[in-house]
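Beneath this line is the structure, given in structure tokens, with notes to follow.
The values are calculated or read from the model by the stated rules, or taken from the named source; none is laboratory data. Treat the numbers as computed from the prediction; the structure is a model and nothing was measured. Positions of Cβ are backbone-derived with ideal geometry, glycine not excepted, and every protein chain shown enters the neighbour counts.
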Amino acid sequence: MTTSTPDYDYNFTDPTDSPDEPCSFQAEPVEVIIQTYIHSFICAFGLIGNVLVIVTYLFYKRTKTMTDVYLFNVAVADLIFVVALPFIIYNEQNSWLMGPVSCKLLMSAYSINLYSGMLLLACISSDRYVAIVQARRTFGTRSRNLFYSRLICSAVWVFAVALTLPTFIYTERFEVWNLGGDSVTIMCQLSFNKSETAKLMKILVPSLQMAIGFLLPLLVMIICYSCILCTLLRAQSSQKHKAVRVVFAVVLVFIICHLPYNVALLSHTVALFTVRSCDMEKLKLHVLTISRSVAYLHCCLNPILYAFVGVKFRSHFRQIMLDLWCVSKKYISSARSSRATSEIFVSGIKTSDASNMSSFSA
């Protein structure tokens, strides 16, 4: 397995190595097995959590706030990545079996998730700042706020796609001769025809990833949540301590998941195009791979930190489960026609929508 990031490959040449003993970056079998289990966990729980968020959002169309719209788009971004992750991992461990178009699309899925997901989390932080710190001000009707939130989400997606264009354009499906020259491995990674382009992209892509995919959202979160904490600590509320713990959890999990990977990526990027020893390069790539897997965990934790922590979201989710259970129970016991069953289901959903809850994320 080549320990490289999904965004670009790290071509490494150490002139101090003997031509008879080239530097090999093949991962140990134990490392491959551990990563397989970790990524399987991420795929399973990321798929379940984000699908539940999307289903809950779609079933309750009348109970939306700006944060709800952001949460829905975060879940969509994480779901895209979770679906693409098994193919990305398979590409790193085996030859690429699919065509060049799927190669470009799947390699771009990581970048789109990174930029859109992180920027949307920054939008959620800003929206919570407005809702808590600026609560006394009037910011228009709910329909107007929903329009603005959807407009912002559209802009975020367009911006994420624009930032992903270098990955999409330069990702190619090509053949690489293995050590010894007796077999060929088909790779799906960034490939460049000119050395100047390679140098530019290998600096530009990770720099954008660190600046826009980590530092900018982190800065927005620190500013917004610091103001929120000050407001909560001054408030006389029985829910104050719980809200403070949630704020700390959101920021802490974000830092724990993404800081190690970005530090490792920065260290590796700074050392590009310089002579490195083979052992040091192997160590850096192992650290980069491990920290990247930790960063992937955030897509599983987003539904818990941002959706299921909300009382109204949990209430709506329980109502959906109750509606589905009642429908199935009545269908089995009475063996009614499919038309009657459909009417019961619609009735259950309408009853849920009539509640006084205004947001499943509150």
*Within segment 61-79, track down each residue that is farther than 13 Å from F313 by Cβ, modelled with pLDDT under 85 and either crowded, with 23+ Cβ neighbours inside 10 Å or outside the structural domain of A160 (by TED's automatic domain parsing) (or both).*
M66
*Only one of (1) out of contact with any strand residue (DSSP E or B) (no Cβ under 8 Å at 6 or more places or on another chain); (2) crowded, with 21+ Cβ neighbours inside 10 Å; (3) closer than 30 Å to F174 by Cα is not met by L119, so which one is it?*
(3)
*Residue by residue through segment 122-156, note down the ones that are at pLDDT 85 or above, surrounded by fewer than 18 Cβ atoms within 10 Å (Cβ to Cβ) and farther than 27 Å from T231 by Cα.*
R150, L151, S154, A155
*Please work out if Y37 is surrounded by fewer than 22 Cβ atoms within 10 Å (Cβ to Cβ) and among the hydroxyl-bearing types (S, T, Y).*
yes
*Are there any pairs, at least 6 apart or on different chains, whose C-beta atoms fall under 6 Å, with the first in segment 40-58 and without any contact (Cβ under 8 Å) to a residue 40 or more places away in the chain and in the same structural domain as L301 (by TED's automatic domain parsing) and the second crowded, with 18+ Cβ neighbours inside 10 Å and in a helix (DSSP H, G or I), and if so, which?*
L47/V82; I54/A75
*Kindly indicate whether L106 is within 17 Å of H39 (Cβ to Cβ), at pLDDT below 90 and touching a Gly at 6+ places or on another chain (Cβ under 9 Å).*
no
